[in-house]
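Novice: This is the structure I have questions about; it appears just below.
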Amino acid sequence: MRVHCLQHLKNETLGNIGIWIAKKGHKLTKTLPYEDSLFPDPEEFDLLLIMGGTMSVYQEEKYSWLKPEKEFVGKVIETGKPVLGSCFGAQMIADVLGGKVTKNPYKEIGWHTVRYMEGKNPKDIRNSELPSCMFPEFTGFMWHGDTFEIPAGAMKLFESEACSNQGFIYNGNVIGLQFHPEADRQWVRNLIKVSGHELVPGKYIQPEREIYGQESFFENSMNLAFSLMDWFEEKCK
């Protein structure tokens, strides 16, 4: 499988997802939109990953590369290719599909419970091929201040106490997740190095010692990421 990644931070790793790609022996290519506006032809890859970032999708005047990246993402979705976006990546997918991205009522940082929208969707997908570890709830790693609307044509999947929209699926193979399935210890360490100043007292902001002290959550994060990538692998066959 050929995986292409849009990376928005210089020190950002793919964490659990990168480990999965290496274990599977899949091909990985990257575009750093803040350095290079040349995007590959969608025929050159099978799966698109859109990673996180400290910027917001509505800051096009500040980040001139946002507009061409959005155009590229829209083109990929139109081809029917599978797409996975986490945090900023999910917000970008939502924006491209017509959903509004705004400030969330709370900043959400650390390990938080994510719940499936059981009984609130017109179609219950618990028994579909989506990873069983996502139902009925799990703990995901968060680091965000923005949130997205569920775009037209997409189905809401998850919510958390601090953020009502934690995930959606579009066209059966495009998934946007507000949390970070890629979060492993090194990934978290890198993010804290860049954005640790945001770890201030807050209702949904955990201190650094609490974030690092959750060994079982790190293990579960890896299992969730691996299961999710297995799901996408099947979609690419």
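Since every read-out is calculated from the coordinates, none of them should be taken as a lab result. Just so it is clear, the model here is predicted, and its values are computed rather than measured. Using ideal geometry, Cβ is built from the backbone for each residue, glycine included, and neighbour counts are taken over all protein chains shown.
Novice: Would any residue of the stretch 180-199 have its amide N under 20 Å from a label point 7 Å out along Cα→Cβ of LYS30? List them or say none.
Specialist: Answer for this model: 180-196.
Novice: Alpha carbon centre of the stretch 128-201 versus the stretch 16-79: separation in Å?
Specialist: After rounding, the separation between the Cα centres reads 17 Å.
Novice: While we're looking at this one, here's another question. Which net charge results when you count Lys and Arg as +1 and Asp and Glu as -1 among the other residues whose beta-carbon is under 14 Å from that of LEU28?
Specialist: Within the 14 Å Cβ shell, the charges total 0.
Novice: Please work out whether the stretch 150-237 counts as rounded, prolate or oblate from its C-alpha gyration tensor, where a ≥ b ≥ c are the square roots of the eigenvalues and a/c under 1.5 means rounded, while otherwise a/b larger than b/c means prolate and anything else oblate?
Specialist: oblate
Novice: Which value results for Rg/Rh of the chain when Rg is the Cα radius of gyration and Rh the Kirkwood radius based on the inverse mean 1/r?
Specialist: Answer for the chain: 0.92.
Novice: Please report the relative contact order for the chain, taking Cα pairs under 8 Å with a sequence separation of at least 6, and give it as a percent rounded to a whole number.
Specialist: 23
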